[in-house]
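A.B. asks: This is the structure I have questions about; it appears just below.
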2 protein chains.
Amino acid sequence: MKRRAFLRRAGAGLAAASVAAPAIAQSHPKVRWRMASSFPKSLDALYGSAEQLANRLSRITDGKFEMRVFAAGEIVPPLQVLDAVQNGTVECGQTAGYYYVGKNPAFAFDTTLPFGLNCRQQNAWMYYGGGLDLLRGLYRQYNIINFPAGNTGAQMAGWYRKEIKSVADLKGLKFRIGGLGGQVLARLGVVPQQIAGPDVYPALEKGTIDAAEWVGPYDDEKLGFHKVAKFYYYPGWWEGSAQGSILVNLKHWAALPRGYRQALETACAEANLLMTAKYDASNTAALRRLVAEGAQLRVFPRPVLEACYKAALELYAGLSAQSAEFRKIYEPWRRFRDEQHLWFRVAENTYDNFVYSADRAARR
Amino acid sequence: MKRRAFLRRAGAGLAAASVAAPAIAQSHPKVRWRMASSFPKSLDALYGSAEQLANRLSRITDGKFEMRVFAAGEIVPPLQVLDAVQNGTVECGQTAGYYYVGKNPAFAFDTTLPFGLNCRQQNAWMYYGGGLDLLRGLYRQYNIINFPAGNTGAQMAGWYRKEIKSVADLKGLKFRIGGLGGQVLARLGVVPQQIAGPDVYPALEKGTIDAAEWVGPYDDEKLGFHKVAKFYYYPGWWEGSAQGSILVNLKHWAALPRGYRQALETACAEANLLMTAKYDASNTAALRRLVAEGAQLRVFPRPVLEACYKAALELYAGLSAQSAEFRKIYEPWRRFRDEQHLWFRVAENTYDNFVYSADRAARR
């Protein structure tokens, strides 16, 4: 090969490399993020969902976009995940919006409201009913972009040392429950208790509190409440579904290559679907074990549910009067919910009710 | 710059380019696939889901993995998508497994069975209940790997020229319905009719058939059946949910870069979630319009549903006796379904039933 020809080729190679390298650097750089979770490792449907998300992102990007997940309290206290993302202490977090109703009651819509949307309806609202836009407007004020990334489905109402036979039995009940559910119950005489995770079991055992709620059979079993409070009530009307969210700091979001942003958004949708599927697939066996160990299933009497429903609507009227931001989301949310009920009552609910009763009759 | 130094640098650049280029080629090559859909463009929740999937894949891969979607009949007849993917005529397809029960009745489990799993339960079974593994074993025999990629939710039971007041009214009913639902109804005297999409409306108008079913309000409205058959029945017990699938030819799958495979799998899960959300968000308004135009909503009388339920169980016993492959999936599917009912009847269904009735009472 002539030296000149080699030089031309080498020069061409060099030029190609110079042009290609920044393009590669731009589109597939190595990115390492930290995700702070509000959930402990033991709750594997919740926390495990974040690990699964991180694995998926790594695999889609051939290991270029790596996210390290930290369990509750490892680098950020569980109820300060929003703050840590807002400040950029971490690039992103896994949490539930309703932990932050103290900052702004409108955050409740990002998770659930008492007697609110079920899981399917929440997804319909978020993705096609205007919910995501409204909530992104809220989070933007905190320097954050949010992604729905999991849902527990309808929860249980928790563990009670005594039966709840009437609205009067709620009077003075010391119940470990937070958020808007606690505010609804307070209107009926319940004394809501804020107790951190590890302290709930001893408080219930000693009788310092009368009842405690968490999620549903799969998670509740791990916490062992059935050993100290045998009445297991349903439905958990304050969480007819509960959506988890991935929060991302807006500055870090903007700096992320476009393909990675797309991968993150898609993987969050997958996480949303899979968390519900995992809970649904796991709850029955856990419920069977709990009942075998002595848990007594109880449904709330209808008058109790009706009193709570009425109190919830009053609470929402009050919050709407106090907070323009709550009202701004509540009004379209309420209309959407009412419309959803019209449709769901027709095919979906009639179908479910029939197959459950036919299946039950067939087993007799 | 000295010529020797330049040469060294140029050489280094060339070497870097030589090394980098194949690595880039391996991990992010340009890939163009064709996807044949079983659905027409007009059904935008079904067909549109495939377009959305293709867009997402393109955006995750910075335009490197492009999928061109062809509507029903454009390059492959709607009910031959599986065959086209099996033969490699197209790399992948969007379809519903139960279109292929003529090849093997076990394909029904990839979509739905009469009185089968609802949407949440189908996802629980597919992703965490062993369903996906069982169905992948089935599709593998056809040189295909399958991905759940959409669900309509519970469907309506279609449009009837006359009311169905008793099991006797099913006798001789010429009903446009396919698959296992048609086989169940045939046991009760219905004459199932296989009629291609465009021919259904004129057949119903002329009275050549007495009834026809499709999906639900959002799709049914577009087909205009309410203009020629006013009784709109529910629930569509032969489709308590209906899952759509993306089928990929195994040879093309194996040749796909690992990151693209991961992106495809994730985007299918997103499509699964979003299709249901879109139907749920869109059905109410369509139902309102249909009722405003004269549709009469009717629920099947309970004795009719019970007779159909019994006939379905008899059909499954027969199929299990005839087909080892059907039985292999049916037995674990049936156990999973029974277990799901135990849990869903507790928190989820009790919650739904209460909020629907409370909301209804509040509107009065």
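Read the figures in this text as sums done on the coordinates, not as results from a lab. Small disclaimer: the values here were computed from a predicted structure and weren't measured. Using ideal geometry, Cβ is built from the backbone for each residue, glycine included, and neighbour counts are taken over all protein chains shown.
A.B. asks: For the stretch A:99-166, list log₁₀ I(q)/I(0) at each q in 0.28 Å⁻¹, using the Debye formula over Cα point scatterers of equal strength and ignoring solvent, two decimals each.
C.D. replies: -1.39
A.B. asks: Above 22 Å lies some portion of the pair distances; for the stretch B:241-364, what is it as a whole percent of all C-alpha pairs?
C.D. replies: That tail contains 68 percent of the Cα-Cα pairs.
A.B. asks: Shortest first and in nm with one decimal, please list how far the B:H252 label point sits from its counterparts in the other copies (point 7 Å along Cα→Cβ).
C.D. replies: So the distances to the same position in the other copies read 3.8 nm.
A.B. asks: Can you tell me what the convex hull of the Cα atoms of the protein assembly as shown projects to on average, as an area in nm²? Don't skip to the answer; put the middle values down first.
C.D. replies: Values: hull surface 143.0 nm².
Averaged projected hull area, Cα only: 35.7 nm².
A.B. asks: So, one more: Under a 10 Å cutoff between Cα atoms, tell me which one of B:A254, B:A108, B:A149 has the largest fluctuation in the Gaussian network model of chain B.
C.D. replies: So, out of B:A254, B:A108, B:A149, the one fluctuating most is B:A254.
A.B. asks: Given chain B, what percent of its DSSP beta bridges are antiparallel, to the nearest 5?
C.D. replies: For chain B, the DSSP antiparallel bridge percentage is about 45.
A.B. asks: So which lysines pass the test for A:K41, namely a Cα distance under 23 Å, with those fewer than 8 places away in the same chain ruled out?
C.D. replies: A:K222, A:K227, A:K278
A.B. asks: In what sequence do B:V248, A:V215 fall when counting other Cβ within 10 Å, fewest first?
C.D. replies: A:V215, B:V248
A.B. asks: What net charge do the residues around B:G97 carry, taking every other residue with its C-beta under 12 Å from that of B:G97, with Lys and Arg at +1 and Asp and Glu at -1?
C.D. replies: Cβ neighbours under 12 Å give a net charge of +1.
A.B. asks: If you don't mind, another one. Would the stretch B:275-323 count as rounded, prolate or oblate if I go by the C-alpha gyration tensor, calling it rounded below 1.5 in a/c and otherwise prolate when a/b exceeds b/c, oblate otherwise?
C.D. replies: oblate
A.B. asks: Could I ask something else about it? Tally Lys/Arg at +1 and Asp/Glu at -1 over every other residue whose Cβ is under 15 Å from the Cβ of A:E306; what's the total?
C.D. replies: That works out to +4.
A.B. asks: Who wins for biggest fluctuation among B:P148, B:P105, B:P257 in a Gaussian network model of chain B, springs between alpha carbons below 10 Å?
C.D. replies: Highest fluctuation among the options: B:P257.
A.B. asks: For the stretch B:230-305, compute the orientation-averaged projected area of the C-alpha convex hull (one quarter of its surface), in nm².
C.D. replies: On the way: hull surface 30.1 nm².
That works out to 7.5 nm².
A.B. asks: How far apart, in nm, are two points set 7 Å out from the Cα along the Cα-to-Cβ line at B:T89 and at A:E74?
C.D. replies: It is 5.1 nm.
A.B. asks: May I pose another question? When only DSSP loop residues count, what trypsin sites (Lys or Arg not before Pro) in the stretch B:167-196 have their Cβ near at most 13 other Cβ atoms within 10 Å? Before the final figure, lay out the partial values.
C.D. replies: On the way: sites: B:K171, B:K174, B:R176, B:R187; in loops: B:K171, B:R187.
Those that pass, being in a loop and sparsely packed, are B:K171.
A.B. asks: Work out the FRET efficiency for A:K171 and A:A362 from their Cβ-Cβ distance, taking R0 = 41 Å, and round it to the nearest 0.05.
C.D. replies: Working: r = 43 Å, r/R0 = 1.04.
In this case the efficiency is close to 0.45.
A.B. asks: Still on this model: Roughly what would the spin-label model give for A:E66 and A:K222, points 7 Å off Cα along C-beta, in nm?
C.D. replies: Here the modelled spin labels are 2.6 nm apart.
A.B. asks: Then there is this: Let me check I've understood the local charge: for B:E51, count other residues with C-beta under 15 angstrom from its C-beta, Lys and Arg +1, Asp and Glu -1. What total comes out? Let's see the in-between values first.
C.D. replies: Numbers: positive: B:R34, B:K41, B:R56, B:R59, B:R68, B:K278; negative: B:D44, B:E66, B:E74, B:E270.
Residues near B:E51 contribute +2 overall.
A.B. asks: Please report, for A:S42, the nm distances (one decimal) from its label point, 7 Å out from Cα along the beta-carbon direction, to the equivalent points in the remaining copies, shortest first.
C.D. replies: Distances to the matching label points in the other copies: 5.8 nm.
A.B. asks: Residue by residue through B:115-125, how many Cβ atoms from other chains fall within 10 Å of the Cβ on average?
C.D. replies: 5
A.B. asks: A follow-up question, please. Just want to confirm a number: the relative contact order over chain A, from Cα pairs under 8 angstrom separated by 6+ residues, in percent. Intermediate results must be reported in sequence, preceding the final value.
C.D. replies: On the way: 584 pairs, mean separation 77.5, N = 364.
Once divided by the residue count of chain A, the mean separation gives 21 percent.
A.B. asks: Label-to-label distances across copies for B:R302, with labels 7 Å out along Cα→Cβ, in nm, shortest first?
C.D. replies: B:R302 label point versus its equivalents elsewhere: 1.5 nm.
A.B. asks: Cα atoms only, chain B: Rg and Dmax in Å?
C.D. replies: Rg then Dmax for chain B, in Å: 24.2, 99.
A.B. asks: Restricting to the protein assembly as shown, compute how many DSSP beta bridges are antiparallel as a %, nearest 5.
C.D. replies: DSSP beta bridges in the protein assembly as shown are roughly 45 percent antiparallel.
A.B. asks: Here is a further query. Taking beta carbons within 10 Å but only from partner chains, what does the mean come to for residues B:57-64?
C.D. replies: 5
A.B. asks: Can you pull a Stokes-Einstein diffusion coefficient for the stretch B:208-248 at 4 °C (1.567 mPa s), Rh from Kirkwood over Cα pairs, as a whole number of µm²/s?
C.D. replies: On the way: Rh = 12.1 Å.
Value of D from the Cα-based Kirkwood radius: 107 µm²/s.
A.B. asks: Among the lysines, which have Cα under 26 Å from the Cα of B:K251 when same-chain residues fewer than 8 positions away are ignored?
C.D. replies: Partners within reach: B:K30, B:K64, B:K103.
A.B. asks: Under a plain spin-label model, where a point goes 7 Å from the Cα along Cα-to-Cβ, how far apart in nm are A:K328 and B:R334?
C.D. replies: 5.6
A.B. asks: At q = 0.18, 0.23 Å⁻¹, work out log10 I(q)/I(0) for the stretch B:24-95 with the Debye formula, treating every Cα as an identical point scatterer and leaving solvent out; two decimals please.
C.D. replies: Debye output, listed in q order: -0.67, -0.95.
A.B. asks: What do you get for Rg/Rh of the stretch B:57-207 when both radii come from the Cα atoms and Rh is the Kirkwood radius?
C.D. replies: For the stretch B:57-207, the value is 1.02.
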